[in-house]
Amino acid sequence: QVRLVESGGGLVQAGGSLRLSCVVSTSIFSISTMGWYRQAPGKQRELVAAITSGGSTNYGDSVKGRFTISRDNAKNTVDLQMSSLKPEDTAVYYCKMSTWGRNYWGQGTQVTVSS
């Protein structure tokens, strides 16, 4: 059974930083595309950042230049370094793994940015 467990969320002031981490319980992590998504109250879930098995990255327009996604295939982890946080970054952040046509999601971690 594939499990994704996020950690690192919390409350931070605007302008601050947080680092989210997602650990995946499967060896197919290394061949998977990993992504971070977020969902704010009343809004649709949106892509924050993604990283392929080869290390290519893609970012949502609203976080470009502020967030950095990275992965460690030896540890089956994908991290999201968030800097210059804004109140509009407040959301539940989800980790997603995509492989062999299937998607797996974590349970989410809350990030709250106060103004």
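What percentage of the solvent-accessible surface of the chain, computed with a 1.4 Å probe over protein heavy atoms, is contributed by carbon and sulfur atoms? Within the chain, the accessible surface is 47 percent carbon and sulfur. Diffusion coefficient of the chain by Stokes-Einstein, Kirkwood radius over Cα pairs, 20 °C, 1.002 mPa s: 153 µm²/s.
Across the stretch 17-115, the relative contact order, built from alpha-carbon pairs under 8 Å that are at least six residues apart, equals 31 percent. Each Lys and Arg adds +1 at its Cβ and each Asp and Glu adds -1 at its Cβ; summed about the Cα centre, the chain shows a dipole of about 140 debye. A cut-off under 15 angstrom between Cβ atoms defines the neighbours of Val111, and their net charge, with Lys, Arg +1 and Asp, Glu -1, is +1. Note on the stretch 41-84: Cα-only Rg and Dmax are 11.7, 37 Å.
Can you give me the accessible area per residue for the stretch 1-94, using a 1.4 Å probe, in Å²? Can you show the working numbers first?
Details: 4800 Å² over 94 residues.
About 51 Å² of surface per residue is accessible.
Counting only residues at least eight positions apart within a chain, or on another chain, the lysines with an alpha carbon under 22 Å from that of Lys86 are Lys43, Lys64. Listed by chain and number, the aspartates and glutamates placed with their C-alpha closer than 15 angstrom to that of Lys75 are Glu6; residues fewer than eight positions away on the same chain are left out.
The values are calculated or read from the model by the stated rules, or taken from the named source; none is laboratory data. Everything quoted here is computed from the prediction, not taken from an experiment. Note that we place each Cβ from the backbone using ideal geometry, even for glycine, and neighbour counts take in every protein chain shown. SASA here: full protein model, heavy atoms, side chains in, ligands and nucleic acids out. Shrake-Rupley method; radii C 1.70, N 1.55, O 1.52, S 1.80 Å.
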